[in-house]
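In what follows, a structure is listed as structure tokens, so that the remarks can point back to it.
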Amino acid sequence: MKISDLIVSGVPSVSFEVFPPKTSDRFESVASAVEKIAALKPNFMSVTYGAGGGTSEYTLDLAEKIREQYGVESLAHLTCVSSSKETVRERIAAIKNAGIENVMALRGDLTPELEKTDRSTWAYAHATELIADIKELAPDMCVGAACYPEVHPESENQKDDIFYLKKKVEAGADFFTTQMFFDNSLLYNFLYKIREAGITVPVVAGVMPITSAGQVERAIKLSGSFMPRRFVSLVDAFGPNPAAMKQAGIVYAADQIIDLFANGVNNVHVYTMNKPDVAAGILSLVREML
Ligand code: FAD
């Protein structure tokens, strides 16, 4: 089923993101964690993709398992940075053959490793081009794309960022999922601005539960997200106690989700980091609202 049909306006839902293993010997243990997360029956599950294609097979294998064996609709991520047109054609054919109906079309981060590769073989500069190619190669595919309530780190300003979001919709994006954010008012402000700009496709809010002090720095580095004072105090107080930090992180994420639902942002995607207990903990705090 298409994600665009699953994220029904006015109906609260929670979906989960998982990531594939880097090596085959880790596949079974990741699949086992993913099965436990799928058993919680989220609205759908997405599987990330290593930019540059490192985990490409495992992304598809996991997305197929989620759909066929665990009975949850899946969304396979695909990045285009450093890819050739031929690689993208092959990946789309493989996704279609696996019976997957949903693709998250991303550029991927320009990592230092990728920067060292031969750019003359790169066929894509931005996700917009990938979205257009997917829609041409697989017109029935439901295509998601990324958006950034706090502006993408490479953008000069929010106006430019929103201009290019519009281009993603024109290229065929059916919905957006946001980068993580820790202050809901930033999302509400962003939603107001994109609706003003005429972007009407559904937006799924991405929520990242921070369950260990070590995760904080990584999350900020990855997303550039603003950490509200309330969140910083929580990490300061409970960071040294892993069990307390985990509980506080679960409650903070659930609190964000409850506020989103209360303000009409009904579709929330939780970055579970392959942790079934975190996914279950959050769901137990919002279950009655679904
Ligand atoms: P783009 O849309 O290309 O945007 C990148 C920058 O270029 C922005 O500043 C944008 O404003 C600008 N821009 C966009 N279009 C144009 C244009 N046509 N002309 C000029 N400028 C333009 N990374 C992974 O490697 N694997 C994943 O599975 C993954 N999943 C993600 C899921 C979500 C929900 C999010 C939010 C991010 C994810 N990422 C993933 C990270 C993502 O790859 C990075 O944030 C990357 O830096 C940008 O990807 P993008 O698709 O938004 O790129």
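Assorted remarks:
- Legend: ranking of residues Thr177, Thr111, Thr128 from fewest to most surrounding C-beta atoms inside 10 Å; resulting order Thr111, Thr128, Thr177.
- Residue order, fewest to most beta carbons within 10 Å, for Phe231, Phe226, Phe182, Phe16: Phe226, Phe231, Phe182, Phe16
- Estimated Rh, region 3-289: Kirkwood, alpha-carbon pairs, angstrom: 19.3 Å
- Computed from the C-beta positions of Ser284 and Ala98, the FRET efficiency with R₀ = 25 Å rounds to 0.20.
- The modelled label-to-label distance for the pair Asn157/Lys22, using points 7 Å beyond Cα in the direction of Cβ, is 4.0 nm.
- Size check on region 1-58: the Cα extents along the three principal axes, sorted descending, read 41, 26, 15 Å.
- Additional length obtainable on full extension of the chain from Ser212 to Ala123, 0.36 nm per residue less Cα span: 28.2 nm
We did not get these values from a lab; they are worked out from the coordinates using the rules stated. Keep in mind it's a predicted model, so treat the numbers as computed, not measured. All Cβ positions, even for glycine, are placed from backbone atoms using ideal geometry, and neighbour counts span all protein chains on display.
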